[in-house]
Amino acid sequence: MKIGILTFHDGINHGGFFQAFSTYQFLKGNGFDVEIINYKNKIHWLLEYKAFLWTKNPITLILNIKKIIDFKNDQKEMNLGTFTTDVRKIKKVFDVIVVGSDIVWNYELPFLGRDPVYFGDGLESKKWISYAPSFGAVDCETSIIPDYVVRGLKKFSHISVRDENSKCLVKKACEKDAKVVLDPTFLLDTRGMEKAIKTKDEFLLVYAYSLRESDIKQVKGFASQNNLKVVAVGYSQPWADLNIINLGPFEWIGYFNKASYVLTSTFHGTLYSLKYKKNFITSNNKAISNKTKTILAKLGLLDRLTEGQLNFDELYSSGVDYGVVNDLLDPLVDESKKYLLEALRND
């Protein structure tokens, strides 16, 4: 069986890399012939590289180029087809195309190119299934769903999503009951894959696009009181003790592995805190709210999600009971793996 994975595998984003890598490795490990469909919408491709390369600061430019090279090197761990921004150039016919994960179904975000390809348009496959895609911040209650989304979803024999809001949108679009599964990063144990990190100090890890001033004040105070370095990875935090911006995916998980505490404002920062059993706080925002609330609610950890109202000292001091968390998480992991394998094997 020839399986094509269609997702945002090419983004210079650590979580985006690992959701694609985890899906690929899980399917390959279960005996399937797997290929990442090396396609990216032209608008999405241009805007993303512009964001990294359009800078007047030569140091930033050099660091960003190095980061891109690190990602390209790590992508060699996957079987990629020939890259294209024109789906018409992909002539292969797959037995199954697996769409997901990431926010590949966010049809409202211009940055992503509003691409019908992720709804099955333009590629040949005998069967279409989705595994854990998300509509992101699209509001199920108010959004008007485009016709190409409705038509596309009807092609799928099995639809799973990674959050309740996406489940609602699928139901609204085509009256199908989508299965809520875990993000594919939970399909793969990455322990032992970590690369060495650049500090030996005990540290609090920050992985965040942006943070509230109150978050910064609290985390700086907690780190100071507990003799912790603040290490920011992926995205610059000028107030941190150490910024590691140009790092590849496998070095990135090295920091999660070694961190004593984590503060994040991202979905995958939350997931890797869970995977590495870290004492974490997630700063909520519109981009991650739907998907992050779904997983944290299932694990009884909504108290770890702040919108500026939490006391960091109290929360970090109380810690996370991973005995309880794993009792809830392990069955969800098993159920998600079973769903994907059965969707592939069933007619």
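The values are calculated or read from the model by the stated rules, or taken from the named source; none is laboratory data. Worth saying up front: this structure is predicted, and the values here are computed from it rather than measured. Backbone-built Cβ (ideal geometry, glycine too); neighbour counts: all protein chains shown.
Worth pointing out:
- Consider region 210-232 and keep the residues that are within 24 Å of G15 (Cα to Cα) and in contact (Cβ under 8 Å) with a residue 60 or more places away in the chain. The one that is farthest from the chain's Cα centre (by Cα) is V219.
- Enumerated helices (runs of 4 or more DSSP H) restricted to region 164-263, each holding at least 1 residues that are in contact with a Cys (Cβ under 6 Å, 6 or more places away or on another chain): 164-174
- Of the residues making up region 84-105, just one is among the charged types (D, E, K, R) and crowded, with 20+ Cβ neighbours inside 10 Å, namely D102.
- Where a residue in region 181-206 is acidic (D, E) and its partner, wherever it lies, is in a loop (DSSP other than H, G, I, E, B), with Cβ under 7 Å and at least six apart: D183/S101; D183/A132; D183/R162; E202/L228; E202/S260
- Flag for S160 being among the small types (G, A, S), touching a helix residue (DSSP H, G or I) at 6+ places or on another chain (Cβ under 9 Å) and not in a helix (DSSP H, G or I): yes
- Qualifying positions in region 220-262 - modelled with pLDDT of 95 or more, over 17 Å from D201 (Cα atoms) and touching a strand residue (DSSP E or B) at 6+ places or on another chain (Cβ under 8 Å): Q237, W239
- Test: D74 is in contact (Cβ under 8 Å) with a residue 24 or more places away in the chain, assigned to a helix (DSSP H, G or I), surrounded by 13 or more Cβ atoms within 10 Å (Cβ to Cβ) and under 19 Å from the mean Cα position of the chain (by Cα): yes
- Listed conditions (1) at pLDDT 95 or above; (2) over 30 Å from D95 (Cβ atoms); (3) hydrophobic (A, V, I, L, M, F, W, C); (4) within 21 Å of the chain's Cα centre (by Cα) are all met by V333, apart from (2).
- Among residues of region 275-297, those that are in a helix (DSSP H, G or I), crowded, with 24+ Cβ neighbours inside 10 Å and among the hydrophobic types (A, V, I, L, M, F, W, C), counted: 0
- Scanning region 112-127 for residues that are assigned to a helix (DSSP H, G or I) and at pLDDT 95 or above returns P116, V117, Y118, F119.
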